[in-house]
Amino acid sequence: MTRLVSGRFSLALRNVFRHRSRTAATLLAIALGVSSMILAGGFVHDILAQLGEATIHSQTGHIQLAHQTYWESRSRTSQEHMIDNPTAIAKILATEAGVEQVVKRINFVGMLNNGKRDIGIIGDGIEPDNERKVGSFMRYIEGRPLENVDEDGMVIGQGLARALNLNIGDRVTLVISLAEGAVNTQDFQIIGIFQSFSKEFDARAIRIPLAATQTLLDTRAVHVLVMTLDQTKETDRIAKAVSALVAQQGLQVFTWRELSDFYEKTVQLYDAQFGVLRLIIFLMVLLSVANSINMSLYERTREFGTVQAIGDRPQSVLELIMMESVVLGLIGAGLGMALGCALALIISTIGIPMPPPPNSNLGYMAQIKLDPLTVAFSGVIGSSATVLASIYPAYRASRIVIVDALRHGI
């Protein structure tokens, strides 16, 4: 049995390369389809990876912890749902393997006044030096980021700076309402104007030092502990471990994916679009290969009649044609995978300049991010399309009447 299969495979291999021009056209169709799927998949994978890192390193961090009531309300109420012992908890979290750092934040809402008009803002009180790694995707178009020495410094979003006509060095007044109904105010100096990936965020966002925020609110507590990790892929594992550490203290853990509704909807959108693209490429390969195989089998009709005339069964003809299709599919898929990977590396070296996405300020340089699963799946689709395209032509060729096959072309 093994010798029979080996012999049939050897014959199929010889037949494939006997018809060189037809084989070359078929292999080209398969290879182009497979490489197209690899490039499209790598492009989408890179977009999602860059969007994820932008989300993590401009707003959310990898993991956030807060009281359950804070997540339920999802409001920036200044003195509610706060963590009373943030420093002790942060030290415990920092001991977990894979954790880069733990930073503290206070969220608040208020009014910002430039001496002429007021505008509502959303603010974060941050630890300036520790926040550098969390906010590494923020681009400062003017000035610089906050530092620990900036006791009365403030950085604001580009949209907010335009709305209030603010420049570096200008003084503004921040007004915050306390839980008891009192109002606290403090003057700050603008030292930086930033852009993030979100226009809506930039239109209302400010950041001030954590110490100044705690003074305004008359508290030593914080709303959120933000964790950054050594590797984004470790997020789910570390989130599970952290949840066990803080469960008794009433804290709930959320990952960056759970915090970013925009990212999850973008993933769903691109998954649907890429699924349709895969289907289109699959059908194109299927039709191209079916056409090529039909023409090839038509030209070989007398050959199949002769094979059956000397004693081979129709089943043997069917098996031979299917074996040839398997060989074509494997070779074409292999060539397509190699071509796709080579083109991905070349394109990634050059880069693809991309405009800002919708609701974003920043453009970026896209690449083709090779994913082993996408490469393998593309190869499977290419080879599967080849085999499927051969089933009906092979069946029809195996059922042809011997006399009609021998008279073909005469």
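The values are calculated or read from the model by the stated rules, or taken from the named source; none is laboratory data. Note that this is a predicted model, so its numbers are computed, not measured. Every residue, glycine among them, receives a Cβ derived from its backbone with ideal geometry; neighbour counts consider all protein chains shown. Please note that ligands, DNA and RNA were not included when accessible areas were found on the heavy atoms of the full protein model with its side chains. Shrake-Rupley method; radii C 1.70, N 1.55, O 1.52, S 1.80 Å.
For LEU245, the requirement of being open to solvent by 10 Å² or more (accessible area, probe 1.4 Å) and farther than 20 Å from ILE56 by Cβ is met. Restricting attention to region 319-341, the residues that are open to solvent by less than 20 Å² (accessible area, probe 1.4 Å), in contact with a Gly (Cβ under 9 Å, 6 or more places away or on another chain) and not aliphatic (A, V, I, L, M) add up to 4. Please indicate, with yes or no, whether at least one residue in region 160-167 is out of contact with any His (no Cβ under 6 Å at 6 or more places or on another chain), free of Cβ contacts under 8 Å to residues at least 24 places away in the same chain and not hydroxyl-bearing (Ser, Thr, Tyr). The answer is yes; a qualifying residue exists. For region 149-189, give me each residue that is in a strand (DSSP E or B), within 16 Å of ASP118 (Cβ to Cβ) and open to solvent by less than 20 Å² (accessible area, probe 1.4 Å). Correct list: MET154, ILE156, VAL172, LEU174, ILE176, PHE188.
Checking each residue in region 133-166 for being basic (Lys, Arg), modelled with pLDDT of 90 or more and under 30 Å from the mean Cα position of the chain (by Cα) picks out only ARG144. Using the structure shown, decide if VAL267 is under 19 Å from GLN59 (Cβ atoms) and outside any helix (DSSP H, G or I). Criteria not met by VAL267. Residues in region 193-249 that are acidic (Asp, Glu) and out of contact with any Ser or Thr (no Cβ under 8 Å at 6 or more places or on another chain): GLU200, ASP218, ASP230, GLU234.
Given the structure, is ALA212 out of contact with any helix residue (DSSP H, G or I) (no Cβ under 6 Å at 6 or more places or on another chain) and at pLDDT below 90? Spelling it out, it is not the case that ALA212 is out of contact with any helix residue (DSSP H, G or I) (no Cβ under 6 Å at 6 or more places or on another chain) and at pLDDT below 90. Scanning region 1-32 for residues that are open to solvent by 60 Å² or more (accessible area, probe 1.4 Å) and modelled with pLDDT of 85 or more yields LEU28, LEU32. The condition of being at pLDDT 85 or above and either out of contact with any His (no Cβ under 7 Å at 6 or more places or on another chain) or open to solvent by 60 Å² or more (accessible area, probe 1.4 Å) (or both) does not hold for GLN308. Report yes if THR213 is β-branched (Val, Ile, Thr), out of contact with any Leu (no Cβ under 9 Å at 6 or more places or on another chain) and within 29 Å of ASN165 (Cβ to Cβ), otherwise no. It is true that THR213 is β-branched (Val, Ile, Thr), out of contact with any Leu (no Cβ under 9 Å at 6 or more places or on another chain) and within 29 Å of ASN165 (Cβ to Cβ).
Return a yes/no flag: does region 226-247 have any residue that is closer than 18 Å to GLY123 by Cβ, of a type in the set (Val, Ile, Thr) and in contact with a strand residue (DSSP E or B) (Cβ under 6 Å, 6 or more places away or on another chain). Yes; the residues of region 226-247 include at least one that is closer than 18 Å to GLY123 by Cβ, of a type in the set (Val, Ile, Thr) and in contact with a strand residue (DSSP E or B) (Cβ under 6 Å, 6 or more places away or on another chain). The number of residues in region 213-234 that are farther than 21 Å from SER73 by Cβ and surrounded by 20 or more Cβ atoms within 10 Å (Cβ to Cβ) comes to 3. Considering every residue within region 361-371, establish whether at least one is modelled with pLDDT of 80 or more, surrounded by 16 or more Cβ atoms within 10 Å (Cβ to Cβ), in contact with a Phe, Trp or Tyr (Cβ under 7 Å, 6 or more places away or on another chain) and part of a helix (DSSP H, G or I). No: zero hits.
The set of residues from region 258-295 being open to solvent by less than 90 Å² (accessible area, probe 1.4 Å), among the polar types (S, T, N, Q) and within 12 Å of the chain's Cα centre (by Cα) comprises just one member, THR266.
Elements of the type strands (runs of 3 or more DSSP E) sitting completely within region 33-148 and holding at least 1 residues that are open to solvent by 50 Å² or more (accessible area, probe 1.4 Å): these cover 99-113, 118-126, 139-143. Criterion first (under 25 Å from ASP261 (Cβ atoms), assigned to a helix (DSSP H, G or I) and touching a helix residue (DSSP H, G or I) at 6+ places or on another chain (Cβ under 6 Å)) does ILE30 satisfy it? No.
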